[in-house]
1. Label the stretch 2-53 by shape, choosing from rounded, prolate and oblate, from the square roots a ≥ b ≥ c of the eigenvalues of the Cα gyration tensor; if a/c is under 1.5 it is rounded, and otherwise prolate applies when a/b is larger than b/c, oblate when it is not.
2. Between rounded, prolate and oblate, where does the stretch 1-98 land on the alpha carbon gyration tensor, with a ≥ b ≥ c its root eigenvalues, rounded for a/c under 1.5, else prolate if a/b exceeds b/c?
3. How high is the FRET efficiency from ILE7 to ALA65, r the C-beta distance, R0 25 Å, rounded to 0.05?
4. Would you mind getting the accessible area per residue of the stretch 43-88, heavy atoms of the protein chains only, 1.4 Å probe, in Å²?
Amino acid sequence: MSLAAEILVAALLVLGGGFILIGSWGLARLPSLMTRLHGPTKATTLGVGGCLIASMIYFPASGQAWSAHELLITIFLLLTAPISANMIAKAHLHRQGHHIDPNPADGIPDSLPAPPSGGDWATFQGAAADPHPAPQQDPPGRRRR
């Protein structure tokens, strides 16, 4: 394997490992769900992608056969991470909109702000016509009086 390929693979692995470390640290240290979403969906995705790209370069450069597995995993990861983060964020907004969030640590404990258009947020379209509204729940450790 050439020196340039070794340097490129090593740089991608170190850079990917750094992104994974920062993303994992953000997941553990950030206070609320909405801020914690950024760790695994942004930084960790880039870190895993960097490690997979390093693997895609290493094997052909060392004389072994090229495989599309790493490329397919990278594409799948880059496509699914934002979609799953969006679904988690929408579920969190619904819990806050129905006042059943046991940990409103993101500064919106009472309700969501009004959207600029004056209507309703896109995630709540049809929520008023819900035949089975969510029951009012108390956060853990609190009792109704």
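1. Prolate is the answer for the stretch 2-53, as a/c is 1.5 or above and a/b outweighs b/c.
2. Oblate shape, in that a/c is at least 1.5 and b/c is the bigger or equal ratio.
3. 0.65
4. Here the per-residue accessible area is 60 Å².
The values are calculated or read from the model by the stated rules, or taken from the named source; none is laboratory data. Remember, it's a predicted structure, so these values are computed and weren't measured experimentally. We place every Cβ from the backbone using ideal geometry, glycine too, and count neighbours over all the protein chains shown. Quick note on the areas: whole protein, heavy atoms, side chains included, nothing else; ligands and nucleic acids left out. Shrake-Rupley method; radii C 1.70, N 1.55, O 1.52, S 1.80 Å.
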